[in-house]
Amino acid sequence: MAVSSPRPPGQSIVTPPSLRANLRLYLLLAALGACPPLLAACHGAPHGDPAWESSRYVIDVDWDERVALRCLIHGYSLYRGCDGGVPREAFLKLVLVRDGGMRVIHSLGDLHGYVRIKNAEEALEFVRLRTNVDTGYLFKSEAYYEITEAKQASPGFCEIDAADFVRLRVQTPQVTHCADGFKIVRFVVDEDKNLFRARETVQRNGLHHIDFDRAAEHPIDVSLPRYY
């Protein structure tokens, strides 16, 4: 995924008329056995799962763009997908797939019930899905990024050098066990480069809550990605 230009637009999902026309043609050809299943329709609720009822859109899934998440329940997978629009990168979404059914994931809350988080490492991987440079852009809510200490002379995206790491009292993520889940404390910045101390709770089924405390009076010096 290239990082330049503004991040993707908002949450609304629209199937363009041209895509609907192409879909009708494709379904006709498919009924005649004239083409393979290139697109998968988000229809029905697999195994009676009512949460899939809202996914009535056609998503062009990038089957080579699987998103790793170890805590997903067996049978479910995450992919990048697009429901139309140019440039394609601006319309990419995170898509949960199972048995031909799909659901667009707009927030970590949409994964509630589809994961079983077993340990602290999986809990941290789960919340980082929302704040990593390579997957955060797939979520359409307000962006924020985890701050890390640079391991090289020139800091990369969302990195600060060791001196600023100490001066700003930033710490590496702390994960502790709590009732039916985990508590996570880590440092993040918003798109205006304001630094926050994020306090999160994650239950084993993916129920997620986050609170923010301002950790610096002024925006910090950090490079953030800009997406298509």
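Just a few scattered comments:
- Test: ARG130 is within 16 Å of LEU224 (Cα to Cα) and among the charged types (D, E, K, R): yes
- Among (1) assigned to a helix (DSSP H, G or I); (2) crowded, with 16+ Cβ neighbours inside 10 Å, the one test that VAL166 misses: (2)
- Subset of the range 171-228 (residues that are over 16 Å from ARG116 (Cα atoms) and among the small types (Gly, Ala, Ser)): ALA198, ALA215, ALA216, SER223
- Among the residues listed as ARG88, ARG128, the single one being surrounded by fewer than 19 Cβ atoms within 10 Å (Cβ to Cβ) and modelled with pLDDT under 95: ARG88
- Residues satisfying the stated conditions in the range 139-163, i.e. farther than 30 Å from LEU94 by Cα and touching an Asp or Glu at 6+ places or on another chain (Cβ under 7 Å): ALA162
- Out of GLY84, GLY109, one residue alone is more than 19 Å from PHE182 (Cα to Cα), touching a residue at least 60 places away in the same chain (Cβ under 8 Å) and small (Gly, Ala, Ser). It is GLY84.
- Test: residue in the range 146-156 that is among the small types (Gly, Ala, Ser) and surrounded by 15 or more Cβ atoms within 10 Å (Cβ to Cβ): yes
- From the list TYR76, TYR114, the one residue that fits, being aromatic (Phe, Trp, Tyr) and crowded, with 20+ Cβ neighbours inside 10 Å, is TYR114.
- Checking each residue in the range 131-145 for being of a type in the set (A, V, I, L, M) and buried (at least 19 other Cβ atoms within 10 Å of the Cβ) picks out LEU138, ALA143.
To keep it simple, each residue is scored yes or no on (1) surrounded by fewer than 15 Cβ atoms within 10 Å (Cβ to Cβ); (2) modelled with pLDDT of 95 or more; (3) not in a loop (DSSP other than H, G, I, E, B).
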| site | (1), (2), (3) |
| --- | --- |
| VAL170 | no, yes, no |
| PHE187 | no, yes, yes |
| THR201 | no, yes, yes |
| HIS218 | yes, yes, no |
| ASP221 | yes, yes, no |
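- When ASN119, ASN132 are screened for being free of Cβ contacts under 8 Å to residues at least 40 places away in the same chain and under 12 Å from the mean Cα position of the chain (by Cα), only ASN132 passes.
- Test: PHE182 is surrounded by 18 or more Cβ atoms within 10 Å (Cβ to Cβ), assigned to a strand (DSSP E or B) and of a type in the set (Phe, Trp, Tyr): yes
The values are calculated or read from the model by the stated rules, or taken from the named source; none is laboratory data. Remember, it's a predicted structure, so these values are computed and weren't measured experimentally. Glycine also receives a Cβ, built like all others from the backbone with ideal geometry; neighbour counts cover every protein chain displayed.
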